[in-house]
Structures are given as C-alpha cells and as structure tokens.
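Participant: Quick one: this structure, given as structure tokens, is what I'll be asking you about.
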Amino acid sequence: MTPRATVAQRRPGAVRLAVGDATLEVVALAPDVFRLGFFPARRRVEYETEATAGARWEPVEAESREEDGRIEIATAQAQARIALHPLRVAFADRAGGTFVGDVRLSAGAPGSFARGPAALIGPPVRLDHARGQGTRFFGCGERTSGLEKTGSRQVFWNFDPPMGHTASYNNLYTSIPFVLALQDGRAHGVFFDNTHRVEIDLAKADPERVTYEATGGDVIAYFFAGPTPRAVLERYTQLTGRLSLPPLWALGYHQSRWGYRSADEILALADEFRARMIPCDCFHLDIDHMDGYRVFTWSPSRFPDPRGFVTRLAEQGFKVVAIVDPGVKVDPDYAVYAEGRERALFCQTVDGGEYRNVVWPGLSAFPDFANRQTREWWGDKQRALLDAGVAGVWCDMNEPSVFVPLHATLPDDVVHRSDREPQLHGQLHNLYGSLMARAADEGMRRARPRTRPFVITRAGFAGLQRHAMQWTGDNSSWWEHLWMSMPQLQNLGLSGSAFCGVDIGGFFDDTTPELLTRWMEFGVLQPFCRNHSHIDTIPQEPWRFGEPWTSNCREMIELRMSLLPYLYGVFEEASRTGAPILRPLLFEHPQDAATYTADDEFLVGDALLAAPITRPGIEHRHVYLPAGTWVHWWSNERIDGPVHRLAHAPLGRPALYVRANAAVPRWPVLQQASAGPPDALRLRVACAAGAPEQERELYEDAGEGFGECARRAVRCAAQDGAVRVELGERRGGWVPPRDEVDVELHGLGTPTSVHVDGAEHPGRRAPDGAFVVTTDETPAPRVIEVRAPVRSG
C-alpha cells in the first residue's frame, strides 16, 4: 500500500511531499511544462543531469491551492493535480482536459527487471500512468521498425547489435527515453531522465496504461502539455538543448569506407570525383588511417605525411573527418595510454584496478568520460588530428562496445570517477557516448574557437544534440533497411536529434546498382548525407556500377547541392526551435490521423515532401499528400490534398513535392560547399492560384564561423491571373556575395505585365519553363508582380 503523502513544503508553482522514506516534488517549470521528481530511500533531491545541463527557465506565474487532501498547481496553460491518499498525480490542460492521468510511483517493486550488481545500483524505480483513450505514441529516439510505437515495449540500453540487425532489436546505439503522444490531434510529451537501463511499455502489457521502469536511480520526469508537436519539441529542446548550426560543408555529400587503406587511394578517389563532376565535400577516415589502431596516431607507412595529404585534398575543396574510438591500446610505449594510466583517467574495476577489454587495438583501457579531467585531456588529444588539418571528429564504438564477449559492453560494476561522486557503469552506461562526444566537441572549440565544430557520434543519450550529430551506425545493404531508415530518422527528429543520418547504400553486405541509386534518392534529402560501407563489401562510390546509375547518382547529389540554401535555413530553424529537419507528416498535420502511419514518406522542413521507392523493380508507389496544395517537383503537376495518389517515380525522378507558393532558395550546382555561398541565388516558387499564401524566412551567413547573418522574409501569393512575391527587408550585418536574385515562377502562362517595385520589367522564360524575374540584391524590400494565367486546380 502506498504510504500517505504529507505536505513538506508548498509554494506557488511547486509542492514537495514526504511519502514514507521518499520525497515527491512537482514543479511548474513553464506554463506548459511540469517536472516530477520522486527520490526513494531518502535520496538527495537533485535534478541537474547531463541531459539537461545548462537548461534555464524563466519564473512562471502559477497558482497553488490545497483542499480536502488535494493540491492543484495551475499555470496559464496547464495544471498539475495531486491527491495525497492514495497518492496520485495528473496533468491537464487549462481547460481541464487530462493528458497524463493517474500517475503512480514506486521503488523496489517485486518482479522488477534489476540484474547484475543490483544491490549497488538499485532499487529499481517505476512510474506508470493511464493511457488516454486513443492515444498513440511516437519518438523514443533511435529505434528499429515503424514510426508508431503504440503497443510496444521499448528498451533503452545502448547496444552495438550484430551484423544485419532486424526490428527484433528495438534498442540500438543511442537511448532517448522521450515519448511524443497524440490524442485526437493534440500532442503532449514525457521525458524520463534516467541513465540506467530503462524500459518503457507503451500500452503493450496493459492497453490502458503506460509504464516507465529503470533499474535504479530516481524518477525524474518532465511533462510537456503541447498542444502541437512543434510546441512539445520546442520545450523539450529548451530542456535538453539544441544543435549548433554546423559548418556549411557538413551539409554536402560525404564519402567514406572502412577500407580506404592509404592516402594515395583517397587522393585517387578525390581526382575521380572531380573528373566525373560528381559533387563531394568530405572524405571520412575509418580505422585504417591509424598506427595499429592507436587513436590519435597516423600509420607511418600508409599515411606518412598527414598534413600534406589533408592539404592536397583541401586544394580540391575536400574536408577530412577522422574516426576516434574510446579503446586505448594497453602499451606502455604509447604516449596516450601511458599518460592516461599515470593520471588515472581510465575506468576501473571495483577492486581499484584498470578495467581492460579487447577492441580493435587488442587489449585496451577505456577513458572515464564521466570525469571532467578525462574529458579535457581527451579533447586536447585531438590536436594530433586537428594540427594535420582534420576538420571533424567521428566518435565510434562508444556504447561502449567490446569484443569479449562479442557484442558486449563494460560490466555494470566498472567504476567511474564522475564529476560528483564515484558511480558504477550500470548507472551511467547510456551516457558514455554522449560524454565522449562532449569531450570531442569541447576540445574542438578550445582548439579552434573561431570555427564551428563538427562531431559525429554513434552512441549517446538525450541532450546529445548539443555536442554531436547522430549517425545511426552499422546498417545493411538491404531494401528493408532503406525503408527502416525513414521512420528511424523521423523518430530521432521527434526526439530532439534533428541532425541525423544513415549510411547511404548500407554498410554491411553488397549493395546493388538499383539499391544504391534508390538509396541515393532518399539519402540526399536526409540531414547527414554520407555513403559508407564495410571493408569486405564491393565498393559503392557513385560511379562504381557505370551508366545509367552513375548519372542518376550524380543528378541526385546535384539536387542536394542545389537545395543547400533551403537545407541550411531548415538547420538554422532547428538550432533556434528544435524542430526536426527530416520530419514526419504528423509534425505539421497532427490533426490528420492518416499521417500517423505514413512512415515511408517525410517532410524536409515544411516545404518539401518526399516518398522514396523502397522495393526493387518498381517505379510506382502510393503517396499520401496531406492538406494543402502540392506541386510535383519534376512535372509541375498541381495536387490538392488531402489525397492518396499513385505516383510514378522512375529511377532518377523520385516522388518529390513542393508546397505551392512556398519560395525554395536554391544555388547553382556546386562541386563542394566548403568554399561558402556562391554569387548566385534562385528562389523557386511553384505558383498555384487559390492555394494559401506562403511566407518563409531566407537565412544566410558565411557558412563558417560565428559572425554576422542575414534574414529576410519571402512571401508569395497567387490568384487567378496574378502572382505577387514580396522580398522583405534584409536584416543583419552579413552581405551576400551576389548582385542579383532570380525569382523562378513555375506554373505561369504568358505574362501580360511584369513589375518590380512598380516599374516595368522584362522577365524571361527559362529552358525548364519557369518565368524568371531578376532583381538587384539589396537590403531594401522588393515587390514583384506578374499578371499571367496561373496554374489552378
């Protein structure tokens, strides 16, 4: 029986209760955010965690009242209701509609799934609550299988799965115990901030309840009232942090392979890219570049002149990203190991010895990234790479993964000297990858304070997005994995990890010409665009299968490069609001239940919708287009949603749609983005009479560093017989490197008049049929008016 709760402290916006030997606290952090903390066994009340480090909240106006054994905390948007006996908590909107009800809390419950050194890690804790009628669940970070997670049990324990993992492994490399829920079109979110092994039952064991369980620690949970997915994500990423705007080159096409064994081989590939006119911005160096797999070293035989090698690539416009694993070879003559051992910076066994296991270098020690001194030391060690000109760091094997036994990790009783007090690995296993990425990010910022850092990681926890982008690890060259990439990235985006991506073409197994090409059609639209493969597979650079595959791949990469200014603007939005870059249709259309199962199509920002082919030998597929007017990218066909369509998508012409009247900024095709913005900009508008007016913000900067930027609103309205495009005043100190802007209007007949700011203008017809109006690049606003027949429904 739950002990009677008594009020220990109450103030406007917060209440603290004594519940036997436990403490329960409920606090309004914002008008639409509540935090619940349950601390069993007289544990200290402490909320600051790695996931929420740095979160700041303004004081919130709230009312608190107690009556007949009930306490209510009310803000302008939501309310918490607490019954003292039996103890129950509920959260509702201001109108009284409950979005999380009948919350129950317990610690050390019989039948819990605690394992290993549970006596040191436990007691296990549990939070469960009622499931609102018809509520459906999404998010949960990096997952396998489809977009919706209703009726499933999700495991959160970072894990390097075996080759060819399937949906039976629902936990992969990263754990983000955040759930986005939709009930009758209204969104709410729950974040369970616990780094132990966590399992969330989303109405599987009991269709009427949702359960959050952890092997130990405290119950710290955040409840986001919404009511839209956008509102939930904005608050969740206010709590856990948002991505920093990456350098522009990081958005280009990247080429990688485990098996590029020498500098000469990579230089030859660079020549091949440029000779074939296939855009590419970056090469990634896998473990082959190291001396005996010793981190922060270069092979003296295969990469004898690292600085010269990187410089030669830079002369052709290529950046270099180098892999770094946490396993440090046990070798007293290896300076990194010797220094780490002398300073006691490696993880320890319970008896005070150095914990060791086998990874790529052989017997290895593992940095204790929970220790601030270790993170600083590791971050500074990256100078061995940065001094050679390496532009980014790729954190791999950081679940952490070990080879004995295969697909294992550090034992639960390995000891970390954390920043506060010693902890066991079972308490912070899911944090190890995030802390390694944090060390890399902070080290790069110290070494290059004027340069935006670029860090990739395979493993992490909630809040990882502050330090690194999320690569989803070792997929396979299967059509099934191509399909799974879409819901996987959509759920990552719904969990705060906006900058994410899968390996194009697949890592394990041999790809095929058709699979690689179809994967490229999807891959160029994901936030992170990298082709990567295993050493024992056939090469899968874009030209390896000859024609027509080479040209199809080239055209898709060129599409991405032309869309870079649009993508860059979506990245900038994510850095401010936490909105996903690659987002499910439900993010923009939560009232439309048909979008909840549309997990093999997605939006890029709010203006582009893609529905890739994910099966061999076909070139037609079903597409659902939600409310609004959409225009097919290739044919300019107008389609009014909501509607189900059979789309024709032959190779090289994927099913891609643009929101009518939305200005999509484009550049001429570049061979690399590392040179920064070009001296030309095109605003592509698919005009449709009667479709809603659209307003977008054009964001621009130098593509690197932390200097000035420029913003301007672009509005477009189309009626039968006329189009009006308004370029708002340019705000900000950055001046674009161009003299003119081309406004490309698609869907127009022959104009009878063209005016720019009231003055007549000639305009011209482009080869693709667009009517182009060219205007001066100026900070002043501009109004373009064209009288012409406009595409109608």
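Participant: If you take the residues of the range 522-551 that are touching a strand residue (DSSP E or B) at 6+ places or on another chain (Cβ under 8 Å) and of a type in the set (Val, Ile, Thr), which of them is surrounded by the fewest Cβ atoms within 10 Å (Cβ to Cβ)?
Facilitator: The initial filter retains those residues of the range 522-551 that are touching a strand residue (DSSP E or B) at 6+ places or on another chain (Cβ under 8 Å), namely 522-535, 537, 539-542.
After this cut, where a residue has to be of a type in the set (Val, Ile, Thr) as well, the list is 524, 535, 537.
Values: 524: 22, 535: 12, 537: 19.
Looking at residues that are touching a strand residue (DSSP E or B) at 6+ places or on another chain (Cβ under 8 Å) and of a type in the set (Val, Ile, Thr), I get 535.
Participant: I'd like the full set of residues that are part of a helix (DSSP H, G or I) and either under 14 Å from residue 672 (Cβ atoms) or among the polar types (S, T, N, Q) (or both), limited to the range 251-268. Quick ask: steps written out before the conclusion?
Facilitator: The initial filter retains those residues of the range 251-268 that are part of a helix (DSSP H, G or I), namely 251, 263-268.
Within the range 251-268, just 251 meets the criteria.
Participant: Residues in the range 704-724 that are in contact with a strand residue (DSSP E or B) (Cβ under 6 Å, 6 or more places away or on another chain) and of a type in the set (S, T, N, Q): how many?
Facilitator: Of the residues in that region, 0 qualify.
Participant: Having 2 or more residues that are open to solvent by less than 30 Å² (accessible area, probe 1.4 Å) and either closer than 23 Å to residue 190 by Cα or touching a residue at least 40 places away in the same chain (Cβ under 8 Å) (or both) is the bar; report the strands (runs of 3 or more DSSP E) wholly within the range 1-69 that clear it. So that I can check it myself, show each step before the final result.
Facilitator: On the way: elements: 5-11, 14-19, 22-30, 33-39, 63-67.
So the answer is 14-19, 22-30, 33-39.
Participant: Let me ask another. Would the range 721-734 turn up any residue that is modelled with pLDDT of 95 or more, closer than 30 Å to residue 391 by Cα and of a type in the set (A, V, I, L, M, F, W, C)?
Facilitator: There is at least one residue in the range 721-734 that is modelled with pLDDT of 95 or more, closer than 30 Å to residue 391 by Cα and of a type in the set (A, V, I, L, M, F, W, C).
Participant: Consider residue 508 carefully, then state whether it is under 18 Å from residue 165 (Cβ atoms) and open to solvent by 10 Å² or more (accessible area, probe 1.4 Å).
Facilitator: Working: under 18 Å from residue 165 (Cβ atoms): yes; open to solvent by 10 Å² or more (accessible area, probe 1.4 Å): yes.
Yes; evaluated as a whole, the condition is true for this residue.
Participant: Same structure, new question: Going through 471, 483, 478, 519 one at a time, which residue ends up being out of contact with any Gly (no Cβ under 8 Å at 6 or more places or on another chain) and either surrounded by fewer than 24 Cβ atoms within 10 Å (Cβ to Cβ) or of a type outside the set (D, E, K, R) (or both)?
Facilitator: On the way: 471 fails: out of contact with any Gly (no Cβ under 8 Å at 6 or more places or on another chain); 478 fails: out of contact with any Gly (no Cβ under 8 Å at 6 or more places or on another chain); 519 fails: out of contact with any Gly (no Cβ under 8 Å at 6 or more places or on another chain).
Among 471, 483, 478, 519, only 483 is out of contact with any Gly (no Cβ under 8 Å at 6 or more places or on another chain) and either surrounded by fewer than 24 Cβ atoms within 10 Å (Cβ to Cβ) or of a type outside the set (D, E, K, R) (or both).
Participant: Residue by residue through the range 397-442, note down the ones that are under 26 Å from residue 52 (Cβ atoms), in contact (Cβ under 8 Å) with a residue 24 or more places away in the chain and among the acidic types (Asp, Glu). Don't jump to the end; show me each part of the working.
Facilitator: Step one: filter the range 397-442 for residues under 26 Å from residue 52 (Cβ atoms), giving 398-400, 409-410, 412, 414-442.
Narrowing further to those that are in contact (Cβ under 8 Å) with a residue 24 or more places away in the chain: 398-400, 409-410, 412, 414-419, 423-442.
Selection gives 399, 412, 419, 441, 442.
Participant: Output the residues belonging to the range 624-662 that are on the phi > 0 side of the Ramachandran plot and in contact with a helix residue (DSSP H, G or I) (Cβ under 6 Å, 6 or more places away or on another chain). Spell out the reasoning first.
Facilitator: At the first step, the residues of the range 624-662 found to be on the phi > 0 side of the Ramachandran plot are 628, 636, 652, 661.
652, the sole residue that qualifies.
Participant: A further question on this structure: From the list 122, 132, 185, which one is small (Gly, Ala, Ser) and surrounded by fewer than 17 Cβ atoms within 10 Å (Cβ to Cβ)?
Facilitator: Going through 122, 132, 185 in turn, just one is small (Gly, Ala, Ser) and surrounded by fewer than 17 Cβ atoms within 10 Å (Cβ to Cβ): 185.
Participant: To continue, here is another question. Of these, 257, 302, which one is more than 26 Å from the chain's Cα centre (by Cα) and among the charged types (D, E, K, R)?
Facilitator: On inspection, the qualifying residue turns out to be 302.
Participant: In addition: If only one of 273, 303 is on the phi < 0 side of the Ramachandran plot, in a loop (DSSP other than H, G, I, E, B) and surrounded by 21 or more Cβ atoms within 10 Å (Cβ to Cβ), which one is it? Reasoning before the result, please.
Facilitator: Details: 273 fails: in a loop (DSSP other than H, G, I, E, B).
Testing whether each residue is on the phi < 0 side of the Ramachandran plot, in a loop (DSSP other than H, G, I, E, B) and surrounded by 21 or more Cβ atoms within 10 Å (Cβ to Cβ) leaves just 303.
Participant: Next up: Going through the range 126-156 one residue at a time, which ones are over 19 Å from residue 91 (Cα atoms) and assigned to a loop (DSSP other than H, G, I, E, B)?
Facilitator: Here is the first cut: in the range 126-156, the residues over 19 Å from residue 91 (Cα atoms) are 138-156.
Within the range 126-156, 140, 141, 142, 143, 144, 145, 146, 147, 148, 149, 150, 151 meet the criteria.
Participant: Residue 362 versus (1) within 29 Å of residue 305 (Cα to Cα); (2) at pLDDT below 95: which is the lone unmet condition?
Facilitator: Going through (1) within 29 Å of residue 305 (Cα to Cα); (2) at pLDDT below 95 one by one, residue 362 breaks only (2).
The values are calculated or read from the model by the stated rules, or taken from the named source; none is laboratory data. As the structure is a computational prediction, the values presented were derived from the model and not from experiment. Note that we place each Cβ from the backbone using ideal geometry, even for glycine, and neighbour counts take in every protein chain shown. What goes into the accessible areas is simple: the full protein's heavy atoms, side chains included, and nothing from ligands, DNA or RNA. Shrake-Rupley method; radii C 1.70, N 1.55, O 1.52, S 1.80 Å.
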